[in-house]
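Note sheet for the following structure.
The values are calculated or read from the model by the stated rules, or taken from the named source; none is laboratory data. Since we're looking at a predicted model, the values are computed, not measured. Every residue, glycine as well, gets a Cβ built from its backbone with ideal geometry; the counts of neighbours run over all protein chains shown. Areas reflect the complete protein model, heavy atoms only, side chains present, ligands, DNA and RNA absent. Shrake-Rupley method; radii C 1.70, N 1.55, O 1.52, S 1.80 Å.
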Amino acid sequence: MDVDQLFAEDGPLSRVDGRFELRPQQLDMARAVAGALEGGRSLAVEAGTGVGKSLAYLLPAALWAAESGRRVLVSTHTRALQEQLLEKDLPMAARVMKLLGHSLRYAMLQGADNYLCVQRLDRLHAQPELLPGASARVVDELWDWARTAETGHRSALPNLVPQGLWSRISRDPDVCMGPGSKYWTSCLYRKDRERAERAHIVVVNHALLLSGARLPSYDALVIDEAHNLEETAVSHFGVTVSPARFSAIVEEARGIAGASEDVAKACAALSEQAGAFFGALGAAHGRGETESGGRLLKHDSGADSPPALNKLETALLAAAENAPKEELQTQLRLLAARASILRGDVKSILEESSEDTARWFEWSERHAALRAAPLEVAGRLSDGLFAKGVPVVMTSATLSSGRGLKEFKATVGCPEALELVLDSPFDYPSQAALLIMDDLPPPSDDAKYTAALAARCKKIVAAVPGGVLILFSSWKSLRAVHAKLKRGMKGRPLWMQGDTGHETLMEHFIEAGDAVLLGVDTFWQGVDVSGGALSCVVMAKLPFPSFGSPVEEARRRWYDSNGREYFPDFSLPRAVMKFRQGFGRLIRSSTDRGAVVVLDSRITKKGYGHAFLEALPRCKKLSNLEQLADFFKGLAAGETRPPQAQKDAAP
């Protein structure tokens, strides 16, 4: 059976899904995916919201894998999409395959810290004196449960495990003793991995895909939410040294029964020296001047790698030589290797000098870290991820600033990929309206701007009967506006990103129906709410990368040194792409109606403003708050054309 038959109006998908409607864009994408798999080619697909891209790649992939016993790896960025694939889309694909006489097996693998480690659990269970009473009871219950469990994934645990305890019992590859361990037969991660080895389709996330972990071999790779691939790669290829890494090694060493007195002394010294190390970095980089911030690393910071780290490594190796049992020897050597890696990471950051790497010290009220990150990852991805000789399909609703996919493909190191751009099937002229309000004070006058922004947001909320999502480009602005709205807005639920976990926050937002939610960064792309619960998206500012951040400062220098222009080549395209993502939060289904409001005057008063407007789908154009209110009154009355709105569409 070919793809056209799969997606036919009387085909197997329509028999499985009673709500199936033939969408030309979905069929075009499915054909392209099938062609890439059969031809061994790579493919980049920008599929607008509503195309149905998950099934457009899953069904061709499932058929390709099930017919020939091959395996397809599907990588996502967010847990929400993983859950959608595993709970909705893959079961549907399996039912379709069953109609065709095939049995489709699928599984999920996540990063190590998502799994319970029976080795670490057993060690803590044997040392209850290391735990407070409540944690000791949780460990007892988990220890009993793990003896008959079939998966170690955190979501399957019978108890809600506090993060502090979870960090001590979750899987850590650095201390895993592998097949030679007495725990191997009871290893829960091994059971999850063996299921993945038998599956046709294995769902992972980008972090695991790039981690270097041993994944099941695969014959094709699908990267969904591919717009996050570069950012994940930067994080993976970068290095972070935090106080928590020192503390974790010290805690692990102290928790190993039979460790020597020299180990104990080195642990005490390392705890003290690590504090002094980060204190010196903070003093050299102005930590006391602001509550949070970051600065490029100074060569003369006066901070040297803690010498006790080397001493702890030596003491652990010596203790391993004298350990009476092979299992204890292995634990001590693995921990010594971990100390060596940390020592190498500190050295690499302090001594790195290449222009294509950003090195900086960052801090907040309760956090500090020394970090390094590459400014481009195309070469590493090209030599690694895209050099495995298998077809790769990359897709997302937004992969570009609207100027084709050439830039995206070059950025992720796969310039040879075929490309396909598919518009959304939604009818934006009748479903969406755009209001640009360019009369706020300039952001340079911080106090006046914040007051005006909060007052304008309050008026917008009053004009919108449904839910409102207000997107910011900085936490500082978000918190300031939230504080003013909290004092001056009554009768509507008001939340901000971080009030609770993302999933819980979204549930509350949807249930309320008329709530106001303030978000930054990930909320420009991580909110998927249909219906009136999200009726209006407000963009406080155009989402340019933070000009003053250490990474962007390093990037500007790197662009200058390579004869390139930072703003047109990097900053503007990234801002336009994120702007498109923010706009995309509004219309999530064919029945959604709503408006987007932009409050940044630069979109009309700067020469580059047209790049943002031209990147949007055509929609109704509003001129003021009165028309915004009339627009929603018209929706309530069942009208599709906003009353008094201008006939011309935007852009």
Of everything in segment 151-170 that's touching a helix residue (DSSP H, G or I) at 6+ places or on another chain (Cβ under 6 Å) and over 15 Å from Cys117 (Cβ atoms), which residue is modelled with the lowest pLDDT? Asn159
Among Leu73, Leu109, Leu116, which is under 21 Å from the mean Cα position of the chain (by Cα), at pLDDT below 95, crowded, with 17+ Cβ neighbours inside 10 Å and among the aliphatic types (A, V, I, L, M)? Leu109
Restricting the search to segment 512-566, which residues are in a helix (DSSP H, G or I), without any contact (Cβ under 8 Å) to a residue 40 or more places away in the chain and polar (S, T, N, Q)? Thr522
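Let's see how each residue does on (1) closer than 27 Å to Phe278 by Cα; (2) modelled with pLDDT under 90:
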| site | (1), (2) |
| --- | --- |
| Asp172 | yes, yes |
| Leu188 | no, no |
| Ala207 | no, no |
| Leu215 | no, no |
| Tyr218 | no, no |
| Ala248 | yes, no |
When you check Ala303 against the structure, is it hydrophobic (A, V, I, L, M, F, W, C), buried (at least 22 other Cβ atoms within 10 Å of the Cβ), assigned to a loop (DSSP other than H, G, I, E, B) and touching a residue at least 24 places away in the same chain (Cβ under 8 Å), yes or no? yes
Could you list all residues from segment 233-282 that are touching a Pro at 6+ places or on another chain (Cβ under 9 Å), within 21 Å of Ser348 (Cα to Cα) and surrounded by 16 or more Cβ atoms within 10 Å (Cβ to Cβ)? Ala233, Val234, Phe237, Gly238, Phe246, Leu270, Gln273, Ala274, Phe277, Phe278
Surrounded by fewer than 17 Cβ atoms within 10 Å (Cβ to Cβ) and touching a residue at least 24 places away in the same chain (Cβ under 8 Å): which single residue out of Arg154, Arg137 fits that description? Arg154
For the structure I just gave you, tell me whether Val393 is open to solvent by 50 Å² or more (accessible area, probe 1.4 Å), under 30 Å from Thr591 (Cβ atoms) and not in a loop (DSSP other than H, G, I, E, B). no
Could you list, ordered by first residue, the pairs with Cβ atoms under 8 Å in which the first is in segment 341-356 and within 23 Å of Arg556 (Cβ to Cβ) and the second is among the small types (Gly, Ala, Ser) and in a helix (DSSP H, G or I), at least 6 apart or interchain? Glu355/Ser561
Would you be able to tell me the number of residues in segment 160-195 that are hydroxyl-bearing (Ser, Thr, Tyr), under 24 Å from the mean Cα position of the chain (by Cα) and surrounded by fewer than 17 Cβ atoms within 10 Å (Cβ to Cβ)? 1
In segment 403-420, residues that are assigned to a loop (DSSP other than H, G, I, E, B) and either surrounded by 19 or more Cβ atoms within 10 Å (Cβ to Cβ) or at pLDDT 95 or above (or both) total 7
